[in-house]
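To start, the structure under review is shown below, and the notes come after it.
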Amino acid sequence: MSEKATLNVEGKEYELPIITGTENEKALDISKLRGSSGIVTLDRGYKNTGATTSAITFLDGERGILRYRGYPIEQLAEKSTFLEVAYLLIYGELPSVQKLEDFRNKISEHTMIHEDMKKFFDGFPSNSHPMGQLSCLVGALSAFYPESLNPDATEEEENLNIIRLLAKMPTIVSWIHKKSLGHPVMYPKNDLNYVHNFLNMTFGQITEETEIDPVIINAMHKLLILHAEHEQNCSTSTVRIVGSADTNLYASVSAGISALWGPLHGGANQAVIEMLESIKNDGGDVSKYVEKAKDRNDPFRLMGFGHRVYKNFDPRAKILKEACHEILDKLGIKDPTLDIAMQLEQVALDDEYFIERKLYPNVDFYSGIIYRALGFASEEFTVLFALGRLPGWIAQWKEMHDNKEPIGRPRQIYVGETEREYVDIENR
Ligand code: SDX
(Lines give C-alpha, C1' and ligand atoms only; values in the text may rest on other atoms or scores of the structure.)
Protein backbone atom coordinates (compact mmCIF):
# COMPACT_ATOMS: atom_id res chain seq x y z
CA MET A 1 0.00 0.00 0.00
CA SER A 2 1.64 3.31 -1.04
CA GLU A 3 2.19 5.79 1.82
CA LYS A 4 0.26 9.06 1.76
CA ALA A 5 0.47 12.43 3.53
CA THR A 6 -2.54 14.65 4.17
CA LEU A 7 -2.39 18.40 3.61
CA ASN A 8 -5.01 20.50 5.33
CA VAL A 9 -5.58 23.96 3.78
CA GLU A 10 -8.39 26.22 5.00
CA GLY A 11 -10.27 23.19 6.28
CA LYS A 12 -9.93 21.17 3.06
CA GLU A 13 -7.77 18.02 3.02
CA TYR A 14 -5.61 16.87 0.13
CA GLU A 15 -3.81 13.52 -0.04
CA LEU A 16 -0.20 13.55 -1.32
CA PRO A 17 1.53 10.29 -2.26
CA ILE A 18 4.88 9.71 -0.52
CA ILE A 19 7.70 8.52 -2.78
CA THR A 20 10.47 6.43 -1.15
CA GLY A 21 13.82 5.94 -2.91
CA THR A 22 16.18 2.94 -2.72
CA GLU A 23 18.11 4.70 0.08
CA ASN A 24 14.85 5.38 1.98
CA GLU A 25 14.77 9.08 1.11
CA LYS A 26 11.18 10.27 1.16
CA ALA A 27 9.38 12.92 -0.93
CA LEU A 28 5.86 14.27 -1.11
CA ASP A 29 4.68 13.89 -4.70
CA ILE A 30 2.98 17.24 -5.38
CA SER A 31 2.59 16.71 -9.14
CA LYS A 32 -1.22 16.80 -8.84
CA LEU A 33 -1.46 19.36 -6.01
CA ARG A 34 -2.26 22.42 -8.17
CA GLY A 35 -4.82 20.49 -10.21
CA SER A 36 -6.72 19.37 -7.11
CA SER A 37 -6.28 22.45 -4.89
CA GLY A 38 -5.12 25.39 -7.01
CA ILE A 39 -2.18 25.61 -4.61
CA VAL A 40 1.52 25.55 -5.61
CA THR A 41 4.58 25.31 -3.36
CA LEU A 42 7.31 27.95 -3.09
CA ASP A 43 10.96 27.02 -2.46
CA ARG A 44 13.55 29.62 -3.48
CA GLY A 45 16.70 27.92 -4.72
CA TYR A 46 14.90 24.56 -4.62
CA LYS A 47 16.53 23.87 -1.22
CA ASN A 48 13.78 21.40 -0.30
CA THR A 49 12.42 20.44 -3.72
CA GLY A 50 13.25 17.35 -5.75
CA ALA A 51 13.17 17.96 -9.51
CA THR A 52 13.23 14.32 -10.54
CA THR A 53 14.03 10.74 -9.58
CA SER A 54 17.48 9.59 -10.66
CA ALA A 55 19.53 6.38 -10.55
CA ILE A 56 22.92 7.97 -11.20
CA THR A 57 24.30 9.47 -7.96
CA PHE A 58 23.42 9.08 -4.30
CA LEU A 59 24.74 11.61 -1.82
CA ASP A 60 23.97 11.99 1.85
CA GLY A 61 24.99 15.44 3.07
CA GLU A 62 24.60 14.63 6.74
CA ARG A 63 26.77 11.49 6.59
CA GLY A 64 29.18 12.78 3.90
CA ILE A 65 28.39 9.92 1.52
CA LEU A 66 28.84 10.12 -2.29
CA ARG A 67 28.32 7.12 -4.62
CA TYR A 68 28.24 6.91 -8.43
CA ARG A 69 25.78 4.17 -9.51
CA GLY A 70 26.20 2.69 -6.01
CA TYR A 71 30.02 2.67 -5.96
CA PRO A 72 31.60 4.78 -3.14
CA ILE A 73 33.60 7.73 -4.46
CA GLU A 74 36.55 6.72 -2.27
CA GLN A 75 36.89 3.38 -4.10
CA LEU A 76 36.46 4.90 -7.55
CA ALA A 77 39.00 7.66 -6.85
CA GLU A 78 41.49 5.04 -5.61
CA LYS A 79 40.97 2.21 -8.10
CA SER A 80 39.25 3.45 -11.27
CA THR A 81 40.18 5.62 -14.26
CA PHE A 82 38.28 8.66 -15.48
CA LEU A 83 37.13 6.99 -18.71
CA GLU A 84 35.89 3.94 -16.80
CA VAL A 85 33.93 6.23 -14.44
CA ALA A 86 32.52 8.10 -17.46
CA TYR A 87 31.29 4.77 -18.88
CA LEU A 88 29.79 3.81 -15.49
CA LEU A 89 27.94 7.11 -15.13
CA ILE A 90 26.56 7.20 -18.68
CA TYR A 91 25.70 3.51 -19.22
CA GLY A 92 25.04 2.47 -15.61
CA GLU A 93 27.51 -0.39 -15.12
CA LEU A 94 31.29 -0.81 -14.80
CA PRO A 95 32.51 -1.96 -18.25
CA SER A 96 34.15 -5.29 -18.99
CA VAL A 97 37.67 -5.21 -20.45
CA GLN A 98 36.23 -5.54 -23.96
CA LYS A 99 33.53 -2.89 -23.48
CA LEU A 100 36.05 -0.41 -22.08
CA GLU A 101 38.41 -1.11 -24.99
CA ASP A 102 35.56 -0.57 -27.49
CA PHE A 103 34.57 2.65 -25.69
CA ARG A 104 38.16 3.91 -25.74
CA ASN A 105 38.55 3.03 -29.43
CA LYS A 106 35.30 4.78 -30.38
CA ILE A 107 36.42 7.91 -28.54
CA SER A 108 39.84 7.84 -30.18
CA GLU A 109 38.15 8.08 -33.61
CA HIS A 110 36.58 11.45 -32.69
CA THR A 111 39.21 13.41 -30.75
CA MET A 112 39.94 15.88 -33.58
CA ILE A 113 37.89 19.08 -33.87
CA HIS A 114 37.07 20.78 -37.18
CA GLU A 115 39.95 23.02 -38.29
CA ASP A 116 37.42 25.84 -38.76
CA MET A 117 36.98 25.89 -34.97
CA LYS A 118 40.40 27.50 -34.80
CA LYS A 119 38.80 30.62 -36.28
CA PHE A 120 36.82 31.09 -33.05
CA PHE A 121 40.08 31.64 -31.21
CA ASP A 122 41.01 34.42 -33.63
CA GLY A 123 37.88 36.24 -32.47
CA PHE A 124 38.35 35.88 -28.70
CA PRO A 125 40.13 38.82 -27.03
CA SER A 126 43.48 37.57 -25.64
CA ASN A 127 42.28 38.07 -22.06
CA SER A 128 38.87 36.44 -22.50
CA HIS A 129 37.96 34.02 -19.71
CA PRO A 130 38.45 30.33 -20.62
CA MET A 131 34.93 29.46 -19.41
CA GLY A 132 33.39 31.90 -21.88
CA GLN A 133 35.47 30.32 -24.64
CA LEU A 134 34.53 26.80 -23.55
CA SER A 135 30.80 27.52 -23.44
CA CYS A 136 31.00 29.06 -26.93
CA LEU A 137 33.10 26.26 -28.46
CA VAL A 138 30.99 23.41 -27.01
CA GLY A 139 27.78 25.08 -28.19
CA ALA A 140 29.39 25.51 -31.63
CA LEU A 141 29.72 21.71 -31.98
CA SER A 142 25.99 21.69 -32.81
CA ALA A 143 26.85 23.81 -35.88
CA PHE A 144 29.52 21.36 -37.05
CA TYR A 145 27.31 18.32 -36.37
CA PRO A 146 23.78 19.42 -37.36
CA GLU A 147 22.58 15.81 -37.07
CA SER A 148 22.88 16.36 -33.28
CA LEU A 149 19.85 18.67 -33.47
CA ASN A 150 17.47 15.74 -34.06
CA PRO A 151 15.48 15.16 -30.83
CA ASP A 152 14.21 11.86 -32.29
CA ALA A 153 17.68 10.48 -32.92
CA THR A 154 18.09 6.70 -32.70
CA GLU A 155 20.02 5.31 -29.72
CA GLU A 156 23.02 4.82 -32.00
CA GLU A 157 22.85 8.40 -33.32
CA GLU A 158 22.46 9.78 -29.77
CA ASN A 159 25.43 7.71 -28.65
CA LEU A 160 27.57 9.16 -31.45
CA ASN A 161 26.68 12.66 -30.19
CA ILE A 162 27.82 11.55 -26.71
CA ILE A 163 31.06 9.97 -27.97
CA ARG A 164 31.92 13.06 -30.04
CA LEU A 165 31.47 15.39 -27.04
CA LEU A 166 33.50 13.18 -24.68
CA ALA A 167 36.22 12.83 -27.32
CA LYS A 168 36.48 16.49 -28.31
CA MET A 169 36.28 18.15 -24.88
CA PRO A 170 39.94 17.42 -23.95
CA THR A 171 41.07 18.76 -27.35
CA ILE A 172 39.01 21.95 -26.92
CA VAL A 173 40.24 22.45 -23.32
CA SER A 174 43.88 21.91 -24.30
CA TRP A 175 43.54 24.32 -27.24
CA ILE A 176 42.12 26.99 -24.91
CA HIS A 177 45.24 26.53 -22.74
CA LYS A 178 47.65 26.68 -25.68
CA LYS A 179 45.94 29.75 -27.16
CA SER A 180 46.13 31.53 -23.76
CA LEU A 181 49.92 31.19 -23.98
CA GLY A 182 50.13 32.09 -27.66
CA HIS A 183 51.56 28.62 -28.31
CA PRO A 184 50.72 26.41 -31.29
CA VAL A 185 48.01 23.84 -30.53
CA MET A 186 48.85 20.14 -30.22
CA TYR A 187 46.83 17.42 -31.93
CA PRO A 188 45.50 14.28 -30.20
CA LYS A 189 47.79 11.23 -30.00
CA ASN A 190 45.29 8.41 -29.99
CA ASP A 191 47.74 5.82 -28.70
CA LEU A 192 47.67 7.65 -25.35
CA ASN A 193 44.84 7.09 -22.86
CA TYR A 194 42.20 9.80 -22.40
CA VAL A 195 43.86 11.70 -19.57
CA HIS A 196 47.44 11.26 -20.80
CA ASN A 197 46.34 12.46 -24.25
CA PHE A 198 44.75 15.57 -22.68
CA LEU A 199 47.89 16.36 -20.68
CA ASN A 200 50.10 15.80 -23.71
CA MET A 201 48.01 18.21 -25.82
CA THR A 202 48.08 20.70 -22.95
CA PHE A 203 51.71 20.56 -21.87
CA GLY A 204 53.35 18.88 -24.85
CA GLN A 205 55.66 20.76 -27.17
CA ILE A 206 55.56 20.03 -30.88
CA THR A 207 59.33 20.35 -31.02
CA GLU A 208 60.17 17.50 -28.67
CA GLU A 209 58.73 14.28 -27.23
CA THR A 210 57.01 15.22 -23.98
CA GLU A 211 57.27 13.00 -20.92
CA ILE A 212 54.34 13.56 -18.54
CA ASP A 213 55.14 12.63 -14.92
CA PRO A 214 52.91 9.67 -13.90
CA VAL A 215 52.25 11.57 -10.67
CA ILE A 216 50.54 14.25 -12.73
CA ILE A 217 48.59 11.70 -14.82
CA ASN A 218 47.33 9.91 -11.70
CA ALA A 219 46.47 13.20 -9.99
CA MET A 220 44.45 14.26 -13.04
CA HIS A 221 42.50 10.98 -13.08
CA LYS A 222 41.63 11.47 -9.40
CA LEU A 223 40.64 15.12 -9.86
CA LEU A 224 38.42 14.37 -12.86
CA ILE A 225 36.78 11.37 -11.14
CA LEU A 226 36.00 13.44 -8.03
CA HIS A 227 34.36 16.14 -10.18
CA ALA A 228 32.50 13.77 -12.52
CA GLU A 229 28.99 13.86 -11.06
CA HIS A 230 27.05 15.37 -8.20
CA GLU A 231 23.31 14.81 -8.78
CA GLN A 232 21.05 17.87 -9.17
CA ASN A 233 23.56 20.70 -8.58
CA CYS A 234 23.09 24.07 -10.26
CA SER A 235 24.88 23.28 -13.55
CA THR A 236 23.44 19.77 -13.88
CA SER A 237 19.92 21.11 -13.25
CA THR A 238 20.64 23.67 -15.98
CA VAL A 239 21.67 20.93 -18.43
CA ARG A 240 18.51 19.00 -17.61
CA ILE A 241 16.10 21.92 -17.90
CA VAL A 242 17.64 23.14 -21.17
CA GLY A 243 17.61 19.56 -22.51
CA SER A 244 13.99 19.12 -21.41
CA ALA A 245 13.00 21.49 -24.23
CA ASP A 246 14.46 18.91 -26.69
CA THR A 247 17.53 21.15 -27.04
CA ASN A 248 20.53 19.23 -28.39
CA LEU A 249 23.19 17.82 -26.06
CA TYR A 250 25.92 20.30 -27.09
CA ALA A 251 23.79 23.40 -26.43
CA SER A 252 22.50 21.87 -23.16
CA VAL A 253 26.06 21.24 -21.93
CA SER A 254 27.09 24.72 -23.10
CA ALA A 255 24.40 26.12 -20.80
CA GLY A 256 25.69 23.92 -17.96
CA ILE A 257 29.20 25.30 -18.51
CA SER A 258 27.83 28.82 -18.09
CA ALA A 259 26.09 27.86 -14.84
CA LEU A 260 29.25 26.19 -13.51
CA TRP A 261 31.20 29.41 -14.17
CA GLY A 262 29.53 31.17 -11.24
CA PRO A 263 31.87 31.77 -8.24
CA LEU A 264 29.22 30.30 -5.91
CA HIS A 265 29.41 27.05 -7.92
CA GLY A 266 32.28 25.72 -10.02
CA GLY A 267 33.95 29.13 -10.21
CA ALA A 268 34.75 28.77 -6.50
CA ASN A 269 38.01 26.88 -7.17
CA GLN A 270 39.43 29.98 -8.90
CA ALA A 271 37.97 32.21 -6.16
CA VAL A 272 39.60 30.05 -3.45
CA ILE A 273 43.11 30.50 -4.86
CA GLU A 274 42.51 34.24 -5.31
CA MET A 275 41.28 34.39 -1.68
CA LEU A 276 44.30 32.43 -0.38
CA GLU A 277 46.63 34.65 -2.40
CA SER A 278 45.06 37.81 -0.98
CA ILE A 279 45.35 36.43 2.58
CA LYS A 280 49.01 35.60 1.92
CA ASN A 281 49.69 39.04 0.41
CA ASP A 282 47.89 40.66 3.36
CA GLY A 283 50.30 39.07 5.84
CA GLY A 284 48.68 35.64 6.23
CA ASP A 285 46.36 36.54 9.14
CA VAL A 286 43.65 33.91 8.52
CA SER A 287 41.64 34.89 11.62
CA LYS A 288 41.06 38.34 10.14
CA TYR A 289 39.43 36.74 7.09
CA VAL A 290 37.40 34.30 9.16
CA GLU A 291 36.02 37.31 11.06
CA LYS A 292 35.24 39.07 7.75
CA ALA A 293 33.37 35.95 6.57
CA LYS A 294 31.28 36.00 9.76
CA ASP A 295 30.41 39.69 9.49
CA ARG A 296 26.92 39.93 7.95
CA ASN A 297 27.72 43.48 6.82
CA ASP A 298 30.75 42.25 4.91
CA PRO A 299 29.96 40.55 1.55
CA PHE A 300 33.16 38.49 1.89
CA ARG A 301 32.57 34.74 2.06
CA LEU A 302 35.11 32.02 2.75
CA MET A 303 35.29 30.58 -0.76
CA GLY A 304 35.56 26.78 -0.79
CA PHE A 305 33.52 26.56 2.41
CA GLY A 306 29.90 25.56 2.83
CA HIS A 307 27.64 23.50 0.63
CA ARG A 308 23.97 23.31 -0.18
CA VAL A 309 23.85 19.61 0.61
CA TYR A 310 26.91 18.58 2.64
CA LYS A 311 26.40 19.48 6.30
CA ASN A 312 29.41 17.34 7.06
CA PHE A 313 32.82 17.16 5.39
CA ASP A 314 32.48 16.95 1.57
CA PRO A 315 34.00 13.46 1.00
CA ARG A 316 35.74 14.81 -2.11
CA ALA A 317 37.47 17.51 -0.05
CA LYS A 318 38.83 14.85 2.30
CA ILE A 319 40.34 12.92 -0.62
CA LEU A 320 41.68 16.10 -2.24
CA LYS A 321 43.27 17.29 1.00
CA GLU A 322 45.32 14.08 1.19
CA ALA A 323 46.07 14.22 -2.55
CA CYS A 324 47.27 17.80 -2.15
CA HIS A 325 50.00 16.84 0.27
CA GLU A 326 50.95 13.73 -1.70
CA ILE A 327 51.19 15.50 -5.07
CA LEU A 328 53.06 18.57 -3.82
CA ASP A 329 55.52 16.30 -1.92
CA LYS A 330 56.07 14.07 -4.98
CA LEU A 331 56.55 17.09 -7.23
CA GLY A 332 58.78 18.75 -4.64
CA ILE A 333 56.58 21.86 -4.56
CA LYS A 334 56.30 24.08 -1.46
CA ASP A 335 53.13 26.12 -1.95
CA PRO A 336 52.57 28.66 0.85
CA THR A 337 48.86 28.86 -0.08
CA LEU A 338 48.54 25.23 1.06
CA ASP A 339 49.83 26.22 4.50
CA ILE A 340 47.35 29.10 4.57
CA ALA A 341 44.53 26.76 3.45
CA MET A 342 45.36 24.34 6.28
CA GLN A 343 45.43 27.16 8.85
CA LEU A 344 42.20 28.62 7.48
CA GLU A 345 40.49 25.22 7.63
CA GLN A 346 41.55 24.70 11.24
CA VAL A 347 40.51 28.17 12.43
CA ALA A 348 37.14 27.94 10.64
CA LEU A 349 36.35 24.42 11.86
CA ASP A 350 36.98 25.54 15.47
CA ASP A 351 34.78 28.61 15.12
CA GLU A 352 31.22 28.54 16.47
CA TYR A 353 29.84 30.43 13.42
CA PHE A 354 31.00 27.68 11.06
CA ILE A 355 30.18 24.85 13.44
CA GLU A 356 26.64 26.15 14.00
CA ARG A 357 26.05 26.51 10.26
CA LYS A 358 27.78 23.20 9.47
CA LEU A 359 30.15 24.89 7.04
CA TYR A 360 32.99 22.59 5.98
CA PRO A 361 35.56 22.73 3.18
CA ASN A 362 34.00 21.61 -0.12
CA VAL A 363 35.43 20.11 -3.31
CA ASP A 364 36.73 23.50 -4.44
CA PHE A 365 38.80 24.24 -1.34
CA TYR A 366 41.84 22.12 -2.22
CA SER A 367 41.41 21.44 -5.93
CA GLY A 368 42.86 24.78 -7.05
CA ILE A 369 46.10 24.17 -5.15
CA ILE A 370 46.55 20.89 -7.02
CA TYR A 371 45.60 22.36 -10.41
CA ARG A 372 48.19 25.09 -9.90
CA ALA A 373 50.82 22.50 -8.97
CA LEU A 374 50.01 20.69 -12.24
CA GLY A 375 50.73 23.87 -14.19
CA PHE A 376 47.32 25.45 -14.84
CA ALA A 377 46.44 29.13 -14.45
CA SER A 378 43.68 29.94 -11.93
CA GLU A 379 41.31 31.10 -14.71
CA GLU A 380 41.51 27.54 -16.12
CA PHE A 381 40.50 25.73 -12.91
CA THR A 382 36.78 25.84 -13.65
CA VAL A 383 37.40 24.63 -17.20
CA LEU A 384 39.02 21.56 -15.60
CA PHE A 385 35.97 21.21 -13.34
CA ALA A 386 33.83 21.19 -16.52
CA LEU A 387 36.09 18.57 -18.15
CA GLY A 388 35.52 16.38 -15.09
CA ARG A 389 31.78 17.09 -14.83
CA LEU A 390 31.11 16.32 -18.50
CA PRO A 391 30.21 12.60 -18.02
CA GLY A 392 27.82 13.56 -15.23
CA TRP A 393 26.09 16.16 -17.36
CA ILE A 394 25.83 13.67 -20.23
CA ALA A 395 24.50 10.90 -17.95
CA GLN A 396 21.84 13.19 -16.45
CA TRP A 397 20.81 14.58 -19.87
CA LYS A 398 20.55 11.00 -21.22
CA GLU A 399 18.52 9.83 -18.19
CA MET A 400 16.12 12.76 -18.57
CA HIS A 401 15.64 11.90 -22.25
CA ASP A 402 15.37 8.13 -21.69
CA ASN A 403 12.69 8.79 -19.04
CA LYS A 404 10.84 11.15 -21.43
CA GLU A 405 10.66 13.83 -18.69
CA PRO A 406 8.35 16.81 -19.42
CA ILE A 407 9.73 20.26 -20.28
CA GLY A 408 10.78 22.04 -17.09
CA ARG A 409 8.51 24.98 -16.27
CA PRO A 410 8.33 25.98 -12.57
CA ARG A 411 5.36 28.01 -11.26
CA GLN A 412 5.51 31.27 -9.25
CA ILE A 413 3.55 33.42 -6.84
CA TYR A 414 2.80 36.83 -8.40
CA VAL A 415 3.43 39.78 -6.07
CA GLY A 416 3.20 42.66 -8.57
CA GLU A 417 0.51 45.28 -9.32
CA THR A 418 -3.09 44.12 -9.56
CA GLU A 419 -5.07 45.08 -12.70
CA ARG A 420 -4.93 48.78 -13.64
CA GLU A 421 -5.90 50.94 -16.69
CA TYR A 422 -3.40 52.25 -19.25
CA VAL A 423 -2.63 56.01 -18.84
CA ASP A 424 -1.73 58.12 -21.90
CA ILE A 425 1.73 59.60 -21.65
CA GLU A 426 0.43 63.19 -21.47
CA ASN A 427 -1.52 62.28 -18.33
CA ARG A 428 1.32 60.52 -16.40
C1 SDX B 1 30.07 23.50 -5.70
O2 SDX B 1 25.50 21.70 -5.37
C3 SDX B 1 26.56 21.06 -5.61
O4 SDX B 1 26.63 19.85 -5.56
C5 SDX B 1 27.75 21.92 -6.03
C6 SDX B 1 29.10 21.22 -6.15
C7 SDX B 1 29.11 20.22 -7.29
O8 SDX B 1 29.90 19.26 -7.22
O9 SDX B 1 28.38 20.46 -8.30
O10 SDX B 1 29.40 20.54 -4.95
C11 SDX B 1 30.22 22.21 -6.45
O12 SDX B 1 29.46 24.41 -6.20
C13 SDX B 1 30.62 23.60 -4.29
C14 SDX B 1 30.30 24.97 -3.61
C15 SDX B 1 31.37 25.97 -4.09
N16 SDX B 1 31.01 27.33 -3.64
C17 SDX B 1 31.74 27.98 -2.69
O18 SDX B 1 32.69 27.47 -2.07
C19 SDX B 1 31.30 29.42 -2.44
C20 SDX B 1 31.22 29.69 -0.93
N21 SDX B 1 30.06 28.94 -0.39
C22 SDX B 1 28.81 29.60 -0.31
O23 SDX B 1 28.56 30.71 -1.06
C24 SDX B 1 27.64 28.73 0.09
O25 SDX B 1 28.05 27.92 1.10
C26 SDX B 1 26.97 27.91 -1.01
C27 SDX B 1 26.58 28.75 -2.17
C28 SDX B 1 27.88 26.82 -1.47
C29 SDX B 1 25.73 27.27 -0.39
O30 SDX B 1 24.87 28.28 -0.08
P31 SDX B 1 23.42 27.99 0.55
O32 SDX B 1 23.17 26.54 0.68
O33 SDX B 1 22.42 28.79 -0.20
O34 SDX B 1 23.58 28.49 2.02
P35 SDX B 1 23.31 29.96 2.46
O36 SDX B 1 23.94 30.91 1.48
O37 SDX B 1 21.85 30.07 2.75
O38 SDX B 1 24.17 30.04 3.83
C39 SDX B 1 23.62 29.60 5.06
C40 SDX B 1 24.36 30.41 6.11
C41 SDX B 1 24.26 31.93 5.85
O42 SDX B 1 24.45 32.55 7.11
P43 SDX B 1 23.09 33.08 7.90
O44 SDX B 1 22.26 33.88 6.89
O45 SDX B 1 22.37 31.80 8.33
O46 SDX B 1 23.60 33.89 9.05
O47 SDX B 1 25.77 30.11 6.06
C48 SDX B 1 26.50 31.27 5.70
C49 SDX B 1 25.50 32.22 5.05
O50 SDX B 1 25.94 33.57 5.20
N51 SDX B 1 27.52 30.84 4.74
C52 SDX B 1 28.76 31.30 4.72
C53 SDX B 1 29.40 30.59 3.70
N54 SDX B 1 28.54 29.74 3.11
C55 SDX B 1 27.37 29.90 3.77
N56 SDX B 1 29.39 32.24 5.48
C57 SDX B 1 30.69 32.47 5.17
N58 SDX B 1 31.38 31.82 4.19
C59 SDX B 1 30.77 30.88 3.44
N60 SDX B 1 31.45 30.26 2.47
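The GluC sites (Glu not before Pro) found in segment 387-419 that occupy coil by DSSP, while having at most 13 further C-beta atoms within 10 Å, are Glu417, Glu419.
Largest mean-square fluctuation among Thr22, Thr202, Thr111, in a Gaussian network model of the chain whose springs join Cα atoms under 10 Å apart, belongs to Thr22. Averaging 1/r over every pair of different alpha carbons in segment 1-143 and inverting the result gives a Kirkwood radius of 20.4 Å. Ordering Gln232, Val97, Asn161 by Cα displacement along the dipole of the chain toward the positive end leaves Gln232 in first place; charges were set at the Cβ atoms of Lys, Arg (+1) and Asp, Glu (-1).
Within 10 Å of each candidate Cβ there may be at most 14 other Cβ atoms; applying that plus a DSSP loop requirement, which trypsin sites (Lys or Arg not before Pro) in segment 1-59 survive?
Answer in residue order: Lys32, Lys47.
Packing, as the average of other Cβ atoms within 10 Å across residues, places the peptides 356-364, 296-304 in the order 356-364, 296-304, highest first. Dividing the convex hull volume of the alpha-carbon atoms in the chain by its residue count gives 223 Å³ per residue. Ignoring ligands, DNA and RNA, what percent of the accessible area of segment 4-50 is carbon or sulfur (1.4 Å)? So the carbon and sulfur contribution to the accessible surface is 49 percent.
When the chain is treated as a Gaussian network with alpha carbon springs shorter than 10 Å, the biggest mean-square fluctuation among Glu380, Glu101, Glu15 belongs to Glu15.
Got a sec? Charge dipole of segment 248-315, +1 on Cβ for Lys and Arg, -1 for Asp and Glu; which of Ala255, Val272, Gly283 is way out at the positive end? It is Ala255, whose Cα lies furthest towards the positive end. Here segment 287-329 is assigned +1 on the Cβ of each Lys and Arg and -1 on the Cβ of each Asp and Glu. Its dipole about the Cα centre then comes out at about 320 debye.
Can you tell me which of 183-196, 114-127 comes out highest on packing, and rank the rest after it, using the mean Cβ neighbours within 10 Å?
183-196, 114-127
Charging the Cβ of each Asp and Glu at -1 and of each Lys and Arg at +1, and nothing else, the dipole of the chain about its Cα centre rounds to 260 debye.
When the inverse distances between all different Cα atoms of segment 117-250 are averaged and flipped, the Kirkwood radius reads 16.6 angstrom.
A cut-off of 5 Å between modelled amide H atoms, ignoring neighbours fewer than 5 places along the same chain, links Phe305 with Asn362.
Only Lys, Arg, Asp and Glu carry charge here, each on its Cβ (+1 for the first two, -1 for the last two); on that basis segment 4-50 has a dipole of about 140 debye about its Cα centre.
The alpha-carbon atoms of segment 4-50, seen along their principal axes, cover 34, 25, 16 angstrom, with the largest extent given first. In the elastic network of the chain, a GNM with C-alpha springs shorter than 10 Å, the most mobile of Phe313, Phe144, Phe381 is Phe144.
Applying a threshold of 26 Å to the alpha-carbon distances of Lys189/Lys222; Lys47/Lys398; Lys280/Lys318; Lys222/Lys292; Lys12/Lys32; Lys99/Lys178 flags Lys222/Lys292; Lys99/Lys178 as lying beyond it. Under the combined filter of DSSP loop state and at most 10 neighbouring Cβ atoms within 10 Å, segment 361-415 retains these trypsin sites (Lys or Arg not before Pro): Lys404, Arg411.
In sequence order, segment 197-207 has phi-based couplings of 4, 4, 5, 5, 5, 7, 10, x, 10, 4, 6 Hz under the Karplus curve 6.51 cos²θ - 1.76 cosθ + 1.60, θ = phi - 60°, and Gly or Pro positions carry x. Size check on segment 285-357: the Cα extents along the three principal axes, sorted descending, read 42, 28, 19 Å.
Annotation: per residue accessible area for the chain equals 51 Å², rounded to a whole number [probe 1.4 Å, protein chains only].
Report the Cα centroid-to-centroid distance between segment 292-331 and segment 1-59 in angstrom, as an integer. Centre-to-centre (Cα) distance: 33 Å. Think of the chain as a dipole: +1 on every Lys or Arg Cβ, -1 on every Asp or Glu Cβ, centred on the Cα centre; then among Thr20, Ser148, Ile327, Thr20 lies furthest on the positive end.
The values are calculated or read from the model by the stated rules, or taken from the named source; none is laboratory data. Predicted model, so just to flag it, every value in this text is computed and none were measured. Methodologically, a virtual Cβ is constructed for each residue, glycine included, from the backbone with ideal geometry; neighbour enumeration extends over all protein chains shown. Heavy atoms of the whole protein, side chains included, go into the accessibility calculation; ligands, DNA and RNA do not. Shrake-Rupley method; radii C 1.70, N 1.55, O 1.52, S 1.80 Å.
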